[in-house]
Every structure is written in structure tokens, then in C-alpha cells.
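Notes to accompany the following structure.
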Amino acid sequence: MPVAPLSIDSLRLSVAPMMDWTDSHCRVFHRLLAPRARLYTEMVHANAVLQGDRARLLARDPVENPVALQLGGSDPALLAGAARVGQEHGFDEINLNVGCPSDRVQAGRFGACLMKEPTLVADSVSAMVAAVDIPVTVKCRLGVDEENDYDRFAGFIDTVASAGCRIFFVHARNAWLKGLSPKQNREVPPLRYDWAYRIKRERPDLIIAVNGGIATVEDSLLHLQHTDGVMLGRAAYHDPYLLHRLDAALSGGETLPRAQLLRAMRPYVESRLDQGLALKHIARHLLGLFHGQPGGRAFRQVLSEGAHRNGADWTLVEQAIAATESRLQSAA
Ligand SMILES: Cc1cc2nc3c(=O)[nH]c(=O)nc-3n(C[C@H](O)[C@H](O)[C@H](O)COP(=O)(O)O)c2cc1C
């Protein structure tokens, strides 16, 4: 099945799909910080894409691209329909979620429990591949529950790859389907990066990006010695300047100061405020920009408190920058 080429360069750095976090406003901010990163939407269920409020669920600003739509589901026909809608709405890739362990997701037979059903995942992938001409990719775990069988994981990858998926994002830990919350499932099952490295070594034709617990430029560069890409989730959200440093490190470019990057958001913020959006919906994604800096708390405080007030506008962002810079100067 012909699939549009996707350059490995654009997969070296990606920002993980994160429900309630990686909405369109967040992705616009991340794009400014990391011009070369690949961005992912929050997971949207295929049914919702087909029957829900598309203007809200598939909201996308053109500056975000390259951006992938992450789908949840396990009905090949519905997924194919949703993938087609995603392509029509300007997404560059369709990514299938085979990693989410929540009870709601298990009841709907999608997410991480699909690690146990490689044939169903393969059927879903081949239906989507036939429906679109953008790449169809999969984000998965190593296995579920107490499984500790590399061959089983490799078998899953092979079955899904044979259906036309060439690109895998491997969250390098198991999902425990019983007894752990989704949050614990991102922390408790041990990370085993070596499985991601090994599958890349043994299947060099596949593109493998590793995900899970990556929080520094140095670690990212180490992972990139063994895999094609790194996908960062929580660290990118809580410390977005890390994305900028990583993007610069990978491209050999210069880093820009935080305040300068933030000011590049101004036209976007003001255009959204003009449309009636409250500042708090964008500001919440900006709070971590000065993470770890002497003025970081002041920035977060001024912005988070003020953004909830009626009529809050860009002036508040400037006040937050000024508060931060005055703390920075007194720390110097
Ligand atoms: C708030 C939150 C929401 C998430 N939502 C999704 C999701 O919608 N789809 C998905 O595949 N993974 C989701 N994840 C998992 C992340 O994509 C990622 O695999 C996980 O956080 C491990 O990467 P990290 O250690 O870099 O954060 C979510 C994670 C967080 C913290």
C-alpha cells in the first residue's frame, strides 16, 4: 500500500499526545518553541470524530503542522472513516492509541488492552492505511500486566507492521490493566528502554521512537543513538523550554531567550481573545516556561492568578514577564 513519505528528521523529536493538555493552544505554543518537532493531539475516539463536534475536537491552527491526530478505537471501519476525516482536516499523520490503560478505555476495548489483540490492531491499521494517503502510526506499550516476553512484543510489532504501519512510538513500559490508575501506569511499571533499542536493531526498516520518562537534552541524545526518535510528554509540558533546547540541539541552531519566544505568541493570543476566548485557556499551557529559573514562581503566580479574571489580556503576560525579570535581576 503506498504511504506518503515521512522524513525521519521530523520524527527525531515529538511531543506526546496528552489528554486535556495537548490541545490546539498548547500545540501552537510548542510549535513556536520547537519548530521541527512533531506534535500530537489529545486522543479522540473514532466515534467522536465521526459523530461529535468536529470544530472543537479537531481544532487545529495551521502553524501547528506537522501535527498528528491520535485516534482511539478498535473498529476498523470506524477508524478508517475517522482517519479520512482527520486527513481532510489537515492532519499529517494518523496515530492509533495502543497505550492508554484507563478503565473507560478497557471497557471500550481500545488503548493498551489492544496489545493483547495484534490481529485486531493490524486490521485497524490496514483499514486506515487503505483510507488515507498520510502515514498511519501506532503508539504502544511493551506489553500488559506481568508479561515479560520480548518475543511477544516483537510479534505484536511484526503483525502490525505487516498491515502497513512503519512507524512506532514505544512507551517503554508495560501497562498494568488492573489495580493502577492511568497516572500510576505512567510511573510504576518499570521502564525498559532496551526493548525499544532492540526492536530497532532487529527491524532496521521500521522507524522507532522511544517514549517514557525522558526529561533532559542529554538523555534524549543518548536515546537517539539507539532509536530514530524521542517522544517527550510530561517533561515537555511542565518544562516547555526543554523542547526549545532540544530542538536547537538537534538542529544545531541557537536558543532564544524565553521572553522572546513567549512574545512570539502574542498575535495568536490576541486573535483568540478577539474571538472571545478567555486568556486562562491559553495561559495554563505557558505556566512552566520559566521552570527552574529564579523568577519561575513569580511568572507562574502572576499569570495563573490573573488569567482567571474577566478581561485579562496580553498586558498580564507582560506583567508576568516583568515580575520574572525583576526576580532574575535580583538573583544575579
Ligand atoms: C495528562 C496526560 C494525558 C495523557 N493522554 C494520553 C493520550 O491521550 N494518548 C496517549 O497515547 N497517551 C497519553 N498519555 C501518555 C503520554 O503520551 C506518554 O506516553 C506518557 O506520559 C509517558 O511519557 P512521559 O514520561 O514523557 O510523560 C498521557 C499522559 C499524561 C501525563
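Here are the numbers for the structure shown:
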item: Degrees between helix 150-161 axis and first principal axis of the chain (Cα, 0 to 90, nearest 10); result: 90
item: ³J(HN,Hα) computed for each position of region 288-295 - Karplus, 6.51 cos²θ - 1.76 cosθ + 1.60, integer Hz, glycine/proline x; result: x, 4, 9, 3, x, 8, x, x
item: Radius of gyration and maximum dimension Dmax of region 258-331, Cα, Å; result: 11.8, 39
item: Positive-end residue, the chain charge dipole about Cα centroid, Cβ charges, pick of G179, L221, V129; result: G179
item: For the chain: rounded, prolate or oblate by the Cα gyration tensor [a/c cutoff 1.5]; result: prolate
item: The chain, relative contact order in percent, only Cα pairs under 8 angstrom and at least six apart counted; result: 15
item: Whole-angstrom gap from region 142-166 to region 306-332, using each part's C-alpha centre; result: 48
item: Amide H within-cut-off set for R12, under 5 Å, with H built and near neighbours excluded; result: none
item: Angle in degrees between helix 240-251 and the longest Cα principal axis of the chain, rounded to the nearest 10; result: 70
item: Candidates P66, P189, P267: whichever shows maximal mean-square fluctuation once the chain is modelled as a Gaussian network with Cα springs under 10 Å; result: P267
item: Top of L58, L242, L256 by mean-square fluctuation, Gaussian network on the chain, Cα under 10 Å; result: L256
item: Using alpha-carbon coordinates, inclination of helix 193-202 to the longest axis of the chain, degrees; result: 50
item: Estimated vicinal HN-Hα couplings, Hz - region 56-73 in sequence order (Karplus 6.51, -1.76, 1.60; Gly, Pro = x); result: 7, 5, 10, 4, 7, 9, x, 5, 5, 4, x, 9, 9, 8, 8, 10, x, x
item: Backbone N within region 67-85 under 12 Å of label point (7 Å from R54 Cα along the Cβ vector); result: 81-85
item: Per-residue [θ]222 nm for the chain (sum of -39500 (n - 2.57) over DSSP H runs n ≥ 4, rounded to 500); result: -13000 deg cm²/dmol
item: Point-charge dipole on Cβ atoms (K/R +1, D/E -1) for the chain, about Cα centre, debye to 20; result: 580
item: Region 258-331 - charge dipole about Cα centre, Lys and Arg +1 at Cβ, Asp and Glu -1, debye rounded to 20; result: 240
item: Within a Gaussian network of the chain (alpha carbon springs, distance under 10 Å), most fluctuating of G86, G296, G233; result: G296
item: Considering only the chain, percent of DSSP beta bridges that pair antiparallel, nearest 5; result: 0
item: Residues with amide H under 5 Å from that of T137, placed H, sequence gap 5 or more; result: I94, N95, L96
item: For region 139-148, Karplus couplings with θ = phi - 60° (6.51, -1.76, 1.60), whole Hz, Gly/Pro x; result: 10, 9, 9, 7, x, 10, 6, 8, 3, 8
item: For region 243-328: relative contact order, % (alpha-carbon pairs under 8 angstrom, 6 or more apart); result: 27
item: Partner lysines for K139 [C-alpha distance under 21 Å; skip if fewer than 8 residues away on the same chain]; result: K116, K178, K183, K200
item: Total formal charge among the other residues, if their Cβ is under 13 angstrom from that of E202, Lys/Arg +1 and Asp/Glu -1; result: 0
item: Label-to-label distance, nm, for residues given as S330 and E305 (7 Å Cα→Cβ offset); result: 1.4
item: Fewest-first sequence of K139, K116, K183 by Cβ atoms within 10 Å of each Cβ; result: K183, K116, K139
item: Region 167-264: C-alpha gyration tensor shape, a/c 1.5 cut-off, then a/b vs b/c; result: oblate
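Laboratory data are not the source of any read-out in this text; all were calculated from the coordinates shown. These numbers were taken from a predicted model, which means no experiment stands behind them. FYI the Cβ positions are ideal-geometry reconstructions off the backbone, even for glycines, and counts take in every protein chain you see.
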